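J.: First the structure, which I've put down as C-alpha cells, then a few questions once you've had a look.
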Amino acid sequence: MDSIRSHQFEGVYVADFNSDDIKSCRPSDVELSHSQAKQFFIRSRQVEHKIIHDHYNYAPCYIEGTMKYNARLCQWQIRAGATGFIKCGKDKQFFVCDRCEELFQPNEPNSNGSD
C-alpha cells in the first residue's frame, strides 16, 4: 500500500521551520529531510481536524514546504506531534502518523563508526 501511495506525493520539498514557542519546540524536534517528509505523508492517514484536536499533541513547531499531491501543486505542514496537513488551493486535508516515531528521532551517529 505504501508503494502505491508514494505516487500521490511527488517533489516533496522542505522549505522552512517555524515555532510559536522556540523554548519548548526547536528545529531538532521536527528536523525531517525531504524524503522523510514524504515518508510522513505516505505512512500517515487522513483524518478530520477534530481528531487532531481531540486526540493528538498539537505541537507549537513545524516544518513546511511544497509538493505535488495527486498531480496538484500544494503546500504542506508537518508538526512535531506527528500531525500535518496538505493545502491545495482552498482544499485542506489533515493527516496523523502513528507509524512515524523514528522519523522524529534525532539523527545519531552509527554505533559502528560508519555513517
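The values are calculated or read from the model by the stated rules, or taken from the named source; none is laboratory data. It should be emphasised that the depicted structure is a prediction, and the values quoted were computed from it without experimental measurement. Positions of Cβ are generated from backbone atoms using ideal geometry, with glycine treated the same way; all protein chains shown enter the neighbour counts.
J.: Looking only at residues that are exposed (fewer than 14 other Cβ atoms within 10 Å of the Cβ) and among the basic types (Lys, Arg) in region 24-51, which one is farthest from the chain's Cα centre (by Cα)?
T.: In this case the residue turns out to be Lys50.
J.: Same structure, new question: I'd like the residue in region 52-73 that is small (Gly, Ala, Ser) and over 11 Å from the mean Cα position of the chain (by Cα) and, out of all such residues, is surrounded by the fewest Cβ atoms within 10 Å (Cβ to Cβ).
T.: Result: Ala71.
J.: Output yes when any residue across region 69-84 is basic (Lys, Arg), in a strand (DSSP E or B) and modelled with pLDDT of 95 or more, and no when none is.
T.: Yes, there is a match, as at least one residue in region 69-84 is basic (Lys, Arg), in a strand (DSSP E or B) and modelled with pLDDT of 95 or more.
J.: Scan region 56-86 residue by residue and report those that are over 14 Å from Phe9 (Cα atoms) and without any contact (Cβ under 8 Å) to a residue 40 or more places away in the chain.
T.: Hits for region 56-86 are Asn57, Tyr58, Ala59, Gly81, Thr83.
J.: Looking at region 87-100, which of the residues that are free of Cβ contacts under 8 Å to residues at least 60 places away in the same chain and in a loop (DSSP other than H, G, I, E, B) is surrounded by the most Cβ atoms within 10 Å (Cβ to Cβ)?
T.: The selected residue is Cys97.
J.: Within region 53-66, is there a residue that is more than 17 Å from Asn18 (Cβ to Cβ), part of a strand (DSSP E or B) and not aliphatic (A, V, I, L, M)?
T.: The answer is no; no qualifying residue exists.
Let's see how each residue does on (1) hydroxyl-bearing (Ser, Thr, Tyr); (2) modelled with pLDDT under 95; (3) not in a helix (DSSP H, G or I):
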site	(1), (2), (3)
His7	no, yes, no
Ala15	no, no, yes
Lys23	no, yes, yes
Ser28	yes, yes, no
Phe41	no, no, no
